[in-house]
1. Looking at (1) modelled with pLDDT of 95 or more; (2) crowded, with 19+ Cβ neighbours inside 10 Å, which is the one condition that is false for residue 194?
2. Residue 221: crowded, with 17+ Cβ neighbours inside 10 Å, under 19 Å from the mean Cα position of the chain (by Cα) and at pLDDT 95 or above, yes or no?
3. Just checking, which of 82, 149, 128 is modelled with pLDDT of 95 or more and more than 14 Å from the chain's Cα centre (by Cα)?
4. Could you tell me whether residue 39 is closer than 20 Å to residue 164 by Cα, modelled with pLDDT under 95 and either touching a strand residue (DSSP E or B) at 6+ places or on another chain (Cβ under 7 Å) or surrounded by 14 or more Cβ atoms within 10 Å (Cβ to Cβ) (or both)?
5. Among the listed residues 221, 142, 170, which satisfies the condition of being touching a strand residue (DSSP E or B) at 6+ places or on another chain (Cβ under 8 Å) and under 18 Å from residue 99 (Cβ atoms)?
6. Which of the residues belonging to region 192-225 are in a helix (DSSP H, G or I) and touching a helix residue (DSSP H, G or I) at 6+ places or on another chain (Cβ under 9 Å)?
7. With respect to residue 189, determine if the residue is farther than 30 Å from residue 57 by Cα, surrounded by fewer than 16 Cβ atoms within 10 Å (Cβ to Cβ), touching a helix residue (DSSP H, G or I) at 6+ places or on another chain (Cβ under 9 Å) and assigned by TED's automatic domain parsing to the domain that holds residue 112.
8. Residues that are in contact with a helix residue (DSSP H, G or I) (Cβ under 6 Å, 6 or more places away or on another chain), at least 2 per element: which strands (runs of 3 or more DSSP E) completely within region 49-153 meet that?
């Protein structure tokens, strides 16, 4: 298997944001595989510029620099690839099975355990991708986190070894990223994502896009990772950006 990079880890006790630091170093010419890890983030960010609560030693906060060789129309699949890698690493290191929520979260019992933020940055050697991953580890993080949050410790009863989890996560990313770069890597990634997500097919959801909110049933993914949602009138809407919330099943026999 083609493993495209060897991780080069840089550690910080405290930082504004691991993604911001990885983007700064990408612009300065850093190589693929740079991994920024911090014990604490002062300005941790999620999707849509939301804050990600990042107190010291309560979570795994990391960002990885990638310089993909494949076409940019496939770059949205990097987020799906990263979610699969987190899923794999949690299984290996924490013996727990998570659910992947479109587009960028991992949950347990519909509570958010992990967020992923992939961003593109222009550099002198071409565009690069920075993949930020935040995983709630200890239960202490939940005191200041949103009500819909979970941690590994709150699920398993044990706070995991963050170094072991980081090692496993980087191995899983290397493997998943290597697969994504192969000829049928996009189809494989989408197939694997759908197999591990309860949100992929036949899930009743509420979708918010810009100022519009509607409900429907998920019908899998497009080739670029966009979510297909069928509305009550039978129309398929393709969602490339927005918030998706699961609805309680009200199906009748």
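The values are calculated or read from the model by the stated rules, or taken from the named source; none is laboratory data. This is a predicted model, so every value here is computed, not measured. Cβ atoms come from the backbone with ideal geometry, glycine included; neighbour counts cover every protein chain shown.
1. (2)
2. Values: crowded, with 17+ Cβ neighbours inside 10 Å: yes; under 19 Å from the mean Cα position of the chain (by Cα): yes; at pLDDT 95 or above: yes.
So residue 221 fits the description; yes.
3. Details: 82 fails: more than 14 Å from the chain's Cα centre (by Cα); 149 fails: modelled with pLDDT of 95 or more.
Of the residues listed, the single one that is modelled with pLDDT of 95 or more and more than 14 Å from the chain's Cα centre (by Cα) is 128.
4. On the way: closer than 20 Å to residue 164 by Cα: yes; modelled with pLDDT under 95: yes; either touching a strand residue (DSSP E or B) at 6+ places or on another chain (Cβ under 7 Å) or surrounded by 14 or more Cβ atoms within 10 Å (Cβ to Cβ) (or both): yes.
Judged against the criteria, residue 39 is a match.
5. Numbers: 142 fails: under 18 Å from residue 99 (Cβ atoms); 170 fails: under 18 Å from residue 99 (Cβ atoms).
None of the other options fit; the residue is 221.
6. Residues of region 192-225 in a helix (DSSP H, G or I): 192-196.
Across region 192-225, the qualifying residues are 192, 193, 196.
7. On the way: farther than 30 Å from residue 57 by Cα: yes; surrounded by fewer than 16 Cβ atoms within 10 Å (Cβ to Cβ): no; touching a helix residue (DSSP H, G or I) at 6+ places or on another chain (Cβ under 9 Å): yes; assigned by TED's automatic domain parsing to the domain that holds residue 112: yes.
Against the criterion (farther than 30 Å from residue 57 by Cα, surrounded by fewer than 16 Cβ atoms within 10 Å (Cβ to Cβ), touching a helix residue (DSSP H, G or I) at 6+ places or on another chain (Cβ under 9 Å) and assigned by TED's automatic domain parsing to the domain that holds residue 112), residue 189 does not qualify.
8. On the way: elements: 59-66, 99-101, 105-108, 111-123, 126-136.
Output list reads 59-66, 105-108, 111-123, 126-136.
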